[in-house]
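The values are calculated or read from the model by the stated rules, or taken from the named source; none is laboratory data. From a predicted model like this one, the values you see are computed outputs, not experimental measurements. Note: ideal-geometry Cβ built from the backbone for every residue, glycine included; neighbour counts use all protein chains shown. Just so you know, the surface numbers come from the protein's heavy atoms only, side chains and all, with ligands and any DNA or RNA stripped out. Shrake-Rupley method; radii C 1.70, N 1.55, O 1.52, S 1.80 Å.
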Amino acid sequence: VGRSQKRTLLLCVLMFVLLCIICLVIWNVWKVDEYQLWDLNNGNTTEEFIPQLTAKTLQMLYAWDNFATNIRLQIYTMLLTSNCGSSFTNELADADKHGKIFLPWIDQYKINMDLYTPRDYTQYKSVNDWFIRRINTTFRPVTAVVYNMEIVSPADCRMLIYPNLDEARIWIKGADFTILELLDNNRELNNIFKGGEIVIARLAPQDYHRFNTPVEGNITYYKEVPGDYWSVNPLAVNSRNYVFYNLRKIVVIDTQAFGRVGYIAIGATCVGSVQLTWPDPVGHVVHLGMELGYMQFGGSTVVLLFEPNVTTWHPEILQMSAKPVESYVHVNQGIGKFKPKP
């Protein structure tokens, strides 16, 4: 019996080792397909670079509906975000900047530093200081002609626009997702935006991570809402893990043409801090394309909410959104206009 037990144990160990080897081989051979976007400026399809390790990890976490939530991976993403916050804010010696900023980010993601100021990455104190770099506005001018009647993109982003929440469900999976909960159960705001248009602006790690105001107006409401730190990658959004309920800051802008506009800046994995220009923005007047804040490190999202039937949107973005395919759009680029009443 003793020998039989030893043989059985040895067989189990060998099978486990074999299984690990098979998994390792599959992991290394497996290649995730490139993610396709529509480039609104070039008028053609382009690929969004995602490192294979990151892409594979996202596939494993978010490939199955509710999987990440059901196994309580919120704890993992919270710890990862905390680690990002501590490691990426550490001041770097000049000798370390090539290995910490240039190679893993500028070189790997092919980021054109000529667009930013300062252009020299060695002038940034830390990875996070580089991440929230400022763009040279010469390369991102406000394209509006009539400022108080037009809407511009709030960020360099991958954008989707939907006439209402029902149509947005082609992208935001999960029947339990509601605008009411996105707005932290504020019924007054929910009634304002009920049946209205939704703009989803996703920022990837390689993007400029400061966000601007899409309209002219006065800020009349602000609230910070705690939440999780899920990724905002398309796989995560489609996985019924309700990533838009992440840590978020809600701002409402009262405008002349569009009524009230909801502006929700949403954090994500490794984005533990969403900073606004003012600690309390209520009472401030904002102009088209004015900086409203920045996201610290990682991907993140801005969601815009509009009242029903007040806007005419860029037809190309609408067409791509229905597929659904995200459109790559520049900050301050025109995306919509006031729709006169018949």
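From the residues in the stretch 91-138 that are touching a strand residue (DSSP E or B) at 6+ places or on another chain (Cβ under 8 Å) and not in a loop (DSSP other than H, G, I, E, B), which one is surrounded by the fewest Cβ atoms within 10 Å (Cβ to Cβ)? If we take residues in the stretch 91-138 being touching a strand residue (DSSP E or B) at 6+ places or on another chain (Cβ under 8 Å) and not in a loop (DSSP other than H, G, I, E, B), then 134 is surrounded by the fewest Cβ atoms within 10 Å (Cβ to Cβ).
Matching residues to (1) touching a Lys or Arg at 6+ places or on another chain (Cβ under 8 Å); (2) open to solvent by 10 Å² or more (accessible area, probe 1.4 Å):
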site	(1), (2)
238	yes, yes
259	no, yes
294	yes, yes
311	yes, no
317	no, no
329	yes, no
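Evaluation of residue 141 against the conditions (1) buried (at least 16 other Cβ atoms within 10 Å of the Cβ); (2) touching a residue at least 24 places away in the same chain (Cβ under 8 Å); (3) of a type outside the set (Phe, Trp, Tyr) shows that the sole unmet condition is (1). For the stretch 306-320, the tally of residues that are modelled with pLDDT of 95 or more and on the phi > 0 side of the Ramachandran plot stands at 0. For the stretch 261-288, a residue qualifies if it is out of contact with any Lys or Arg (no Cβ under 6 Å at 6 or more places or on another chain) and hydrophobic (A, V, I, L, M, F, W, C), and the qualifying residues are 261, 268, 270, 271, 276, 278, 282, 285, 286, 288. The residues of the stretch 1-43 that are open to solvent by 100 Å² or more (accessible area, probe 1.4 Å), under 34 Å from the mean Cα position of the chain (by Cα) and among the polar types (S, T, N, Q), listed by number, are 28, 42. Scanning the stretch 44-67 for residues that are in contact (Cβ under 8 Å) with a residue 60 or more places away in the chain, open to solvent by less than 60 Å² (accessible area, probe 1.4 Å), out of contact with any Phe, Trp or Tyr (no Cβ under 8 Å at 6 or more places or on another chain) and outside any loop (DSSP other than H, G, I, E, B) yields a total of 3.
Annotation note: of 282, 325, 303, the sole residue that is in a strand (DSSP E or B), on the phi < 0 side of the Ramachandran plot and among the aliphatic types (A, V, I, L, M) is 303.
Of all residues in the stretch 94-108, those that are more than 17 Å from residue 207 (Cα to Cα) and of a type outside the set (Val, Ile, Thr) have Cβ atoms under 7 Å from Cβ atoms of residues that are in a helix (DSSP H, G or I) and open to solvent by less than 40 Å² (accessible area, probe 1.4 Å), 6 or more apart or on another chain, in 100/127. Might you let me know whether the stretch 27-43 holds any residue that is assigned to a helix (DSSP H, G or I) and either touching a residue at least 12 places away in the same chain (Cβ under 8 Å) or over 30 Å from residue 229 (Cα atoms) (or both)? Yes, some residue in the stretch 27-43 is assigned to a helix (DSSP H, G or I) and either touching a residue at least 12 places away in the same chain (Cβ under 8 Å) or over 30 Å from residue 229 (Cα atoms) (or both). When the residues of the stretch 167-181 are filtered to those that are open to solvent by less than 50 Å² (accessible area, probe 1.4 Å) and within 19 Å of residue 311 (Cβ to Cβ), which remaining residue is modelled with the lowest pLDDT? So the residue we want is 171.
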